[in-house]
Amino acid sequence: MSSPSSPLTPSQKTLLPADKHDTAAIDHLSTLPSSTIAPLIPELLTWVQDINWPIAAHIISLLLTYPHLLVEPVRGILLGSDDGWKYNCLVYLVDAMPIEQQWELRTAVERTAENPTEGEFELDEVARDILGKIH
């Protein structure tokens, strides 16, 4: 699921899942240090765009072991235009993050709660629930 403009090296790209069933890649990634995982986070997050992909739950579990590495990439998603991806990030990542990382994402979550776009149907409710936990 690598993007064409990915800044990853060829050796880093080989660590990424090859397809939506490649749980072996996730198992391997879970054995690597956070310094190896950090540059892969944006690419791994693309697998959360569709929660129905078999690999999505495995990637979410892996990503949640590195919540400090998720803050900036997830903020970018929450401020972006893919409403389904925003929903998945809010429900499956932000809501499960430790309070410290939720707090760091507070302004992006507040924007969704207080001023949702037309496409963010029901995202405002999810965002308000998250904010209720961190205030």
- Please sort through the DSSP H helices of the chain and keep those with an alpha-carbon extent of at least 18 Å along the long axis and a Kyte-Doolittle average not below 0.0. none
- Descending principal axes extents, region 55-135, alpha-carbon based, whole Å: 31, 28, 18
- How high is the relative contact order of the chain, in percent, with contacts defined as C-alpha pairs under 8 Å that are six or more residues apart? 18 percent
- With springs only between Cα atoms under 10 Å apart, run a GNM on the chain and tell me which of Thr14, Thr117, Thr46 wobbles the most. Thr14
- Item | Per-pair calculated FRET efficiency, R0 = 22 Å: Ile51 and Ser11 via Cβ, rounded to 0.05 | 0.15
- With no solvent and one point on each alpha carbon, what is the Debye value of log10 I(q)/I(0) for the chain at q = 0.15 Å⁻¹? -0.70
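Read the figures in this text as sums done on the coordinates, not as results from a lab. Quantities reported herein were computed from a predicted structural model and do not represent experimental measurements. Every residue, glycine among them, receives a Cβ derived from its backbone with ideal geometry; neighbour counts consider all protein chains shown.
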